[in-house]
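Rule-based calculations on the coordinates, nothing more; no lab input. Since this is a predicted model, take the numbers as computed values, not measurements. Please note: Cβ atoms are built from the backbone with ideal geometry, for glycine as well, and neighbour counts cover all protein chains shown.
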Amino acid sequence: MFEPVARPFWLTTTSHSMMPLMPPNSRIFIQPIAPALLRVGDIAVFIADNKLIAHRVLIIKTDVFLQSGDAMLSAHTISFSQLLGKVLQIETTDKIFVLSRKNWLQKIIARSSHFIIRLHPQYPRLSHYLHRFKFHCIRLIIKIA
């Protein structure tokens, strides 16, 4: 079982769910935050199924938020009680991203992801094309950033 943390901490990722921004073995710096400070586009770190997960916030409601990995075509609701913090920095093998300098990119990724996920049930083929386009755009932005 995980306990709330009061100080910032580092983790190493193991999943492909946040590709291409956070490939496996990326180091992420996490700042514990109050739910009221969470914003659409932030990468939230939360507990689900007894695992720590870092996914993008797509929508925020009163006591829950909708989240998804950037490489996924599905989203799930998470309670604020599961929230541990948000990712402030990502270190990959060749780049360091300070996310506070890329708020515009995070919002664009969140909005486009939410649109594609909502489109997916009725238009699966179109949503797959849009998802791949989004993935390639993120990869291109990462290369020039």
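The HIS128 and ALA6 beta-carbon pair, evaluated with R₀ = 35 Å, returns a calculated FRET efficiency of approximately 0.25. A straight chain from LYS61 to GLN82 at 0.36 nm per residue would run longer than the Cα-Cα distance by 6.1 nm.
Counting other Cβ atoms within 10 Å of each Cβ, which trypsin sites (Lys or Arg not before Pro) in segment 1-84 have at most 16 and sit in a DSSP loop? Passing sites in segment 1-84 are ARG39, LYS61. Taking all pairs of different Cα atoms in the chain, averaging 1/r and flipping that mean, what Kirkwood radius in angstroms comes out? One over the average 1/r among Cα pairs gives 15.4 Å for the chain.
Cross-link check: pairs LYS61/LYS86; LYS61/LYS134; LYS51/LYS86 evaluated at a Cα-Cα cut-off of 22 Å; pairs beyond the cut-off: LYS61/LYS134.
Considering only DSSP states other than H, G, I, E and B, which trypsin sites (Lys or Arg not before Pro) in segment 77-106 qualify as loop sites with at most 15 other Cβ atoms within 10 Å?
Here the trypsin sites (Lys or Arg not before Pro) that fit, given the DSSP loop and packing criteria, are LYS95.
Of ILE28, ILE109, ILE96, which has the largest mean-square fluctuation in a 10 Å C-alpha GNM of the chain? Result for the chain, Cα springs under 10 Å: ILE96 fluctuates most. A simple spin-label model places the labels of LYS51 and ALA36 3.3 nm from each other, with each point 7 Å out along Cα-to-Cβ.
Inter-label distance, ILE141 to THR93: 2.4 nm, where each label sits 7 Å from its Cα along the C-beta direction.
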